[in-house]
Amino acid sequence: MPSSGQRRDPLPVYCFKVKIVGVAEPNTAFFKSVSGLKSETEVVDFQEGGQNEFTHRLVGPTKWGNLILKRGFSKDAALMDWRQQWVSGAKQRRNIEIAQLDTKLQEVCVWEFKDGWPCKWEMSEFDASKSELAIETLEIAHHGLANIRKSF
């Protein structure tokens, strides 16, 4: 238990917000889910001549997963327009912020991703036998995590 006497409960996954700087006004869009917040540093094995007891495990490059944003399709075409700009040659990278919120909707942690660009846009399947919402998915490639702001 923390010495201050405050509880440190885990945060719920449904409290988050996404900001794509310069794409949607007022720069915050509502999403059903966000995934791809991950990084992985490659391990490079190096066998030294004459050393048979172990293999050196060296640090390789770090790879960042693409961000995958899903939301209910609506008349707001900002995400699809941003993707279409990339297809037609008007390429503009954008910074993306993903904030974890507490149950009082206060920011607890913000991840900032640099120079994102929409590498894939997808619309859910249309099926007259289902009563589900139409979901659009935007996949964003980026240059990695620029900064993490924490308030805990």
TODO: Go through Val59, Val44 for me and flag whichever is modelled with pLDDT of 95 or more and more than 26 Å from Asn147 (Cβ to Cβ).
DONE: Val44
TODO: Might you check whether a residue that is surrounded by 10 or more Cβ atoms within 10 Å (Cβ to Cβ), closer than 25 Å to Ala134 by Cβ and aromatic (Phe, Trp, Tyr) occurs anywhere in the stretch 31-45?
DONE: yes
- [ ] Determine the pairs where a residue that is on the phi > 0 side of the Ramachandran plot, located within the stretch 8-35, has a partner that is modelled with pLDDT of 90 or more and of a type in the set (Lys, Arg) with Cβ atoms under 7 Å apart, the partner being 6 or more residues away or on another chain.
- [x] Gly22/Arg94
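Please pick out the residue among Val59, Val87, Val43, Val110 that is out of contact with any Phe, Trp or Tyr (no Cβ under 6 Å at 6 or more places or on another chain) and closer than 30 Å to Pro10 by Cα.
After applying the criteria, what remains is Val110.
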Task: Qualifying position, being surrounded by 11 or more Cβ atoms within 10 Å (Cβ to Cβ), at pLDDT below 90 and within 16 Å of the chain's Cα centre (by Cα), among Leu67, Leu79 - done: Leu79
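The values are calculated or read from the model by the stated rules, or taken from the named source; none is laboratory data. Keep in mind that this is a model prediction, so the values were computed, not measured. Cβ: placed from backbone, ideal geometry, glycine included. Neighbour counts: every protein chain shown.
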